[in-house]
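Heads up, the thing below is written out as structure tokens.
No value in this document is a laboratory result; all are computed from the given coordinates. This one's a predicted model, so the numbers in the text were calculated from it and none came from an experiment. A quick note on method: Cβ atoms are made from the backbone with ideal geometry, for glycine too, and the neighbour counts reach across all protein chains shown.
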Amino acid sequence: MMHFMASRVRRLIFLYKKSKEHEHNDDSTIDQNTKIIPFDKNKFDLKKVELLRTVGTGTFGRVIVVHDKCSQQYYALKVLIIEELVRLKQVEHVKNEKSILMQLNHPFIVKLYWTGHDAKFLYMLFEYVCGGELFKYLREVGHFTSETTRFYTSEIILALKYLHSLHIIYRDLKPENLLLDYSGHLKMTDFGFAKHVKDRTYSLCGTPEYLAPEILQGKGHNHAADWWTTGIIIYEMLVGRPPFYDENDNRLHIYQKIVRGDFDFPDEITDENAKAIVRRFLRMNLNERLGSTKSGIYEILEHPWFADICWSDVLQRKLKPPIIPNVQSDGDTCCYEQYFEQDWSEIPLSSISSRNLFKEF
């Protein structure tokens, strides 16, 4: 969640411009009629929130579940250390993330409600998604069935469709960045690599196994890179690992496999439509890649693998999720790892010059 959630099996790279599945268990989930109070940023007061527990840590800070005593709602508060952001030259990066997130409003994308700062930290207040990472559930069962994979893929596709309609490419699609809410629906999170692109961009960023070949080759990339990664995700959910995988985590070997398009399916994968859609997403030629042809998104929506999918039902969250998180309340943190809590008094004050870089944050 937001570059912080849970320990990473894979390392992120940053360089800019240079099988038994969980069954439904309605008795263990929170009340579906839990009252959600609309967020009012004019009434929100950071001093009146209770810090509950850290659910993720990273280079620049941490994510803490908080309880707003006024509204009785739970949120995820991302706390970033100002001097660390300045030292590691992440100022524009964080501003861009905020700018993109503040304009998004979609059922399958995590909502940013409020941002602020003080003499030490930047704050970003998100909706709290209590079910944890899809990565967690995938590792618990090894791999998903075709039906389960199709459910999550359908929600991913509608989130990407929305982003692309705003000329935003996501560039960080992976199971760690897909959270489950209390009812089992997806929420896409971590928009640190997202970018407004109308033509193409040449930034190199992402996670090795999920990089599109055109990113590695420096040819420039656009929304087609997200569709490539959609193919990676489908394969990983079906098989239990990404298609371009190296047992020794050798990046060079991974990159060589990607640019060759070197992958195949194990014999246990028998759904021919599922295999076909992965192969179409993983086309090297952008003019042939699913989602990037003249037919655009509609070729995806009409693919035989989705023949039984009603897309309006997907958007309205009417489909029955295959996995229901075992949470007791909307503030439950049991689906996240345990972390040591930090003594905030140890963090030094930021300099006035550093603070001024974020005066509009």
| note | segment 66-157: spread of alpha-carbon positions along the three principal axes, whole Å, largest first, is 49, 36, 27
| Under the Karplus curve 6.51 cos²θ - 1.76 cosθ + 1.60, θ = phi - 60°, whole-Hz ³J(HN,Hα) for segment 289-300, x wherever Gly or Pro sits | 5, 4, x, 10, 7, 4, 6, x, 4, 5, 5, 6
| request: If a/c stays under 1.5 just call it rounded; otherwise compare a/b with b/c (prolate if a/b is bigger, oblate if not). Do that for segment 134-315, with a ≥ b ≥ c from the square roots of the Cα gyration tensor eigenvalues. | output: rounded
| Can you list residues whose amide H is under 5 Å from I109's amide H, if they're 5+ apart or on another chain and H is modeled 1.01 Å from N? | M188
| In what sequence, highest mean first, do 125-136, 300-311 appear when ranked by Cβ atoms within 10 angstrom? | 125-136, 300-311
| remark: Protection proxy (average C-beta count within 10 Å per residue), highest first, orders 78-85, 101-108 as 78-85, 101-108
| query | Got the relative contact order for segment 134-315 handy, in percent, Cα pairs under 8 Å and 6 or more residues apart? | reply | 22
| request: Would you calculate, for the chain, the mean residue ellipticity at 222 nm contributed by helices, counting each DSSP H stretch of 4 or more residues as -39,500 (n - 2.57) and dividing by all residues, to the nearest 500? | output: -8000 deg cm²/dmol
| Contour excess over end-to-end distance, with Cα ends at S99 and L52 and 0.36 nm allotted per residue | 14.2 nm
| task | Take the alpha carbon atoms of segment 54-110, find their radius of gyration, then divide it by 2.2 N^0.38 Å using N residues; give the quotient. | result | 1.32
| said: What does the charge count around P213 come to, taking other residues whose C-beta lies under 12 Å from its C-beta (Lys +1, Arg +1, Asp -1, Glu -1)? | reply: +3
| request: Return the subset of K174/K219; K47/K98; K198/K257; K195/K294 for which the Cα-Cα distance in this structure is over 26 Å, preserving the input order. | output: K198/K257
| query | Rounded to the nearest whole Å³, what is the per residue volume of the convex hull around the Cα atoms of the chain? | reply | 145
| said: Full-extension gain between W114 and K320, please, as 0.36 nm times their residue separation minus the C-alpha to C-alpha distance. | reply: 71.0 nm
| task | Can you pull the one-decimal nm distance between simple spin-label points at F265 and Q328, each 7 Å off the Cα toward Cβ? | result | 4.3
| Cross-link partners among aspartates and glutamates for K318, C-alpha distance below 15 Å, same-chain residues fewer than 8 apart left out? | E155, D181, D308
| Percent of Cα pairs exceeding the 19 Å cut-off, where the set is segment 236-361 | 73
| request: Sort the following peptides by mean Cβ neighbour count (other Cβ atoms within 10 Å, averaged over residues), highest first: 65-71, 274-280. | output: 274-280, 65-71
